[in-house]
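Have a look at the structure below, then the notes.
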């Protein structure tokens, strides 16, 4: 059996399995709380595994392995940043957010503000961050399918992206949050098992000597000792600091991670879920050492860049070599297995992102802004969320076809910069700054969102000789990751917008929010296990 | 996890507190010594801890940019200072997470639970008085 047939069979098997879970879950989805927050019945450890599943995306599995295999040490800096970022989530955000919100990130941002402007801005930035993140996932999925089916050329790459994108959007529109949570749990287990197995086999190839692995990788890379030191990918300290800030601050502004805390019953469970996530994600990122350096030593620079010039296929190719090489049964089997794991990885993340963005649009914009929060129609809201998922998916597919050929970890790094610039300032100021106002929240979100996006567009990856447009001229902004400029800009805009306005109501409600967020008084409750009938009477927000 | 006591229902759309809850909550802030103490403890841990891990983390990227030579120094075998420093970040994250959860369980949770139950009792009393 050729590796195409074999990998396709495994693929189909996996697709059927996850579709089954999704269909089962869609039968469990009865109320809006089910669709958005899985009825708040997910336990701490389940949520920890699901957060890991949400977080360890194509960037972590395909992107980082690729960067390490091509640039050595510098690629590992992504692993470190993406783990340490969870301390920001754990210490500053998770528990207070759980106690204060209900369905979306905007629940917390708009808590003590005027609802319509803040919810509109928050829905916009949620959709914006999610689309940038989705682009990266679809680029990874496209490269993967192209490799598996042995396709050549640009048209095939675009078709692969579109096909995978459509398939993924279908999952979300049916499964809702319960389905998504279970897809993520299944994926996290698969990914950890696959990575552990691959790492073990890599280490065995080197006689269980990491020392030999590093030495062979350095030699095979052609860079020698420089491969084990910083400098092959990043040469500028400012670029490194910019990336570091985006990675460590971005996670706490990622809507699809934040809303996972609404799926657990209490603040303590939210805390426990972050601790679980830190353990799982930390373990995984340490293993990226073996994927990356192993691929550098065993697959080699030329074969990696031939399959995908940004290195995204280093992990799957490593599996093929470990299994016995191209054309051997073992090689094809292991390649198919790792590719299926990567596919599951991407599917789960796309599901998480899409449901977050569509929930935010339906709940924040449709229900609270367009319908002004009156006479809540849960059916209509869920329907709007499903339509939004289709639209967002389509946009991401189109943009991803332009971004193909970029490293997936790099692309996700941009999403982190946007999240840290647009969302984090407003989240922190809402929770910790009494004086904060609606104007501050709106300017902070909009300036952070559009500022960071603009800096990416006029930066070296879109503009100039290495980019997509104006190839003849130099980029207007020198840094690849805009974090060092756009994050302070987001904070400054939120501060300035606040200082230029006054909002006594927000200051009064700050104390209420403090009591609620710190003690859990009035926090949303878990729903009883067989979903409670939807409550029909709705009161208007009292603000 | 312990279930919270049942409470009055609140706005379906925003999940804000009901008027009675909000009044009780607002009154208690700045007056109740337990709430003052809770805020003080939270502030005193959260900000120094954040400063610590941010400085420790950012020093990795700063050193990678400014001192590639130091980062590339081999301490034993092929293990460079840079790789070991990067690995130490994982250890740091695990330790900080563990310390935080210990701290929250012993210094925050009991106080927060006390306060929440006291506020709930207060609400019920207020309601009875007003009826």
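Tabulated data for the structure shown
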{"quantity": "All positions within the stretch A:238-259 that are farther than 18 Å from residue A:422 by Cα and either buried (at least 24 other Cβ atoms within 10 Å of the Cβ) or touching a strand residue (DSSP E or B) at 6+ places or on another chain (Cβ under 6 Å) (or both)", "calculated": "A:240"}
{"quantity": "Matching residues in the stretch A:403-426 - criterion: being more than 18 Å from the chain's Cα centre (by Cα) and within 21 Å of residue A:124 (Cβ to Cβ)", "calculated": "A:425, A:426"}
{"quantity": "Any hit, the stretch A:291-301, residues being surrounded by fewer than 24 Cβ atoms within 10 Å (Cβ to Cβ), within 14 Å of chain B (Cβ to nearest Cβ) and over 20 Å from the mean Cα position of the chain (by Cα)", "calculated": "no"}
{"quantity": "Qualifying position, being under 17 Å from the mean Cα position of the chain (by Cα), touching a residue at least 40 places away in the same chain (Cβ under 8 Å) and crowded, with 19+ Cβ neighbours inside 10 Å, among A:441, A:400", "calculated": "A:400"}
{"quantity": "Verdict on residue A:214 being within 8 Å of chain B (Cβ to nearest Cβ) and in a loop (DSSP other than H, G, I, E, B)", "calculated": "no"}
{"quantity": "Any hit, the stretch A:260-281, residues being crowded, with 24+ Cβ neighbours inside 10 Å, more than 14 Å from chain B (Cβ to nearest Cβ), touching a helix residue (DSSP H, G or I) at 6+ places or on another chain (Cβ under 7 Å) and not in a helix (DSSP H, G or I)", "calculated": "no"}
{"quantity": "Residues of the stretch A:510-532 classified as outside any helix (DSSP H, G or I), buried (at least 20 other Cβ atoms within 10 Å of the Cβ) and modelled with pLDDT of 70 or more, total", "calculated": "5"}
{"quantity": "Considering residues of the stretch B:77-94 that are within 7 Å of chain A (Cβ to nearest Cβ) and more than 12 Å from residue A:229 (Cβ to Cβ) only, the residue surrounded by the fewest Cβ atoms within 10 Å (Cβ to Cβ)", "calculated": "B:77"}
{"quantity": "Test: residue in the stretch A:402-410 that is in contact with a helix residue (DSSP H, G or I) (Cβ under 6 Å, 6 or more places away or on another chain) and either modelled with pLDDT of 95 or more or not in a helix (DSSP H, G or I) (or both)", "calculated": "yes"}
{"quantity": "Residue under evaluation residue A:201, criteria (1) within 17 Å of the chain's Cα centre (by Cα); (2) away from chain B (no Cβ under 11 Å), criterion not met", "calculated": "(1)"}
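Quick grid of which residues meet (1) in contact (Cβ under 8 Å) with a residue 60 or more places away in the chain; (2) surrounded by 15 or more Cβ atoms within 10 Å (Cβ to Cβ); (3) in contact with a strand residue (DSSP E or B) (Cβ under 8 Å, 6 or more places away or on another chain):
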site: B:37; (1), (2), (3): yes, no, no
site: B:46; (1), (2), (3): no, yes, no
site: B:50; (1), (2), (3): no, yes, no
site: B:55; (1), (2), (3): no, no, no
site: B:69; (1), (2), (3): no, no, no
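The values are calculated or read from the model by the stated rules, or taken from the named source; none is laboratory data. Just so you know, these numbers come straight off a predicted model, no measurement behind them. Cβ atoms come from the backbone with ideal geometry, glycine included; neighbour counts cover every protein chain shown.
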